[in-house]
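Single-structure report; data block below.
The values are calculated or read from the model by the stated rules, or taken from the named source; none is laboratory data. What you are looking at is a predicted structure, and each value in this text was computed from that prediction instead of being measured. Backbone-built Cβ (ideal geometry, glycine too); neighbour counts: all protein chains shown.
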Amino acid sequence: MVIMGLKKQIAKLGLRLGGWTTVNEAPADLGNAVCIVAPHTAIEDFFVGLGFYWYYDIKFKVMIKQEFFKPVIGWILKKLGGIPVNRGHQNHLVEQMVDMFSKTKDTHLLICPEGTRKAVKHWKKGFYVIAEGAHVPIVMGFIDYKRKYCGIERIFYPSGDYDKDLAEIWDYYKDIKAKHPEGFNLDEQYRNAQQ
């Protein structure tokens with residue numbers, strides 16, 4: 001209890017010093033969910049997101065590329081909820097995450113659908129497949145550096161029509177400003193449809 005209170009105070013101070021305003025539209029009884037966080041163009045995104053989750057005392061796990069899991073740092077990342085991901089191999093990650101949801105309660109799995117901080121042509125669809133497989137909603141998390149506003153504003157329930165659902169998700173993120181705007185692209189499929 002003391003540690004939770006301390007984490008909340010650290011988060012509150014850090015978010016305030018950074019000038020961040022938070023919003024949390026996720027209902028307290030939401031249960032498990034996949035939280036996509038976009039845009040993701042800077043390492044600072046991790047700390048802003050961590051502050052948000054500590055402040056609202058929401059349990060979470062976060063997928064992070066395995067290269068960050070070096071001695072000491074890797075231990076810290078795991079204690080913070082980090083799950084190492086080898087992005088270059090087929091490793092049954094979707095099945096592992098679906099299985100994780102069957103063993104947890106009230107936990108958000110944080111995923112950056114871009115898969116990297118660099119600009120990409122296509123978002124990775126693992127977040128959608130995991131949400132469908134685990135029968136959990138998609139929480140739409142965001143970090144808007146222009147407005148200094150972060151949090152959760154929408155809960156999205158996959159319909160099974162991937163293209164339709166993704167167009168709606170991308171439409172939500174189109175006006176959110178990344179720390180490095182040149183590094184944030186909506187999926188090429190969405191951009192082409194808007195022309």
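State all residues of segment 133-149 that are touching a Gly at 6+ places or on another chain (Cβ under 9 Å) and either assigned to a strand (DSSP E or B) or among the basic types (Lys, Arg) (or both); if no residue qualifies, say none.
Correct list: Gly141, Phe142, Ile143, Lys148.
Take the residues in segment 179-195 that are within 28 Å of Ala134 (Cβ to Cβ) and either at pLDDT 85 or above or among the polar types (S, T, N, Q) (or both); name whichever of them is surrounded by the most Cβ atoms within 10 Å (Cβ to Cβ).
Asn185
Per-residue answers, yes or no, for (1) closer than 16 Å to Tyr149 by Cβ; (2) in contact (Cβ under 8 Å) with a residue 40 or more places away in the chain; (3) not basic (Lys, Arg):
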position: Arg16; (1), (2), (3): yes, no, no
position: Trp20; (1), (2), (3): yes, yes, yes
position: Leu30; (1), (2), (3): no, yes, yes
position: Lys61; (1), (2), (3): no, yes, no
position: Pro84; (1), (2), (3): no, no, yes
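If the requirement is being over 19 Å from the mean Cα position of the chain (by Cα) and either modelled with pLDDT under 90 or within 28 Å of Trp123 (Cβ to Cβ) (or both), which of these qualifies: Val72, Val62, Val37, Val85?
Criteria check complete, one pass: Val72.
Just to be sure, is Val62 farther than 24 Å from Leu17 by Cβ and of a type in the set (A, V, I, L, M)?
Against the criterion (farther than 24 Å from Leu17 by Cβ and of a type in the set (A, V, I, L, M)), Val62 does not qualify.
Give the residue that is modelled with the highest pLDDT, with candidates limited to residues of segment 40-50 that are surrounded by 19 or more Cβ atoms within 10 Å (Cβ to Cβ) and either in contact with a Pro (Cβ under 6 Å, 6 or more places away or on another chain) or more than 16 Å from Ile76 (Cβ to Cβ) (or both).
For segment 40-50, the residue satisfying everything is Val48.
Identify the residue in segment 17-34 that is crowded, with 19+ Cβ neighbours inside 10 Å and assigned to a strand (DSSP E or B) and, among all such residues, is farthest from the chain's Cα centre (by Cα).
Checked segment 17-34; the qualifying residue farthest from the chain's Cα centre (by Cα) is Ala33.
Please enumerate the residues belonging to segment 139-167 that are modelled with pLDDT of 90 or more, surrounded by 13 or more Cβ atoms within 10 Å (Cβ to Cβ) and among the acidic types (Asp, Glu).
Selection gives Asp144, Asp165.
Taking Asp99 as meeting all but one of (1) in contact (Cβ under 8 Å) with a residue 40 or more places away in the chain; (2) acidic (Asp, Glu); (3) farther than 18 Å from Leu15 by Cα, write down the number of the exception.
Only one criterion is unmet by Asp99, namely (1).
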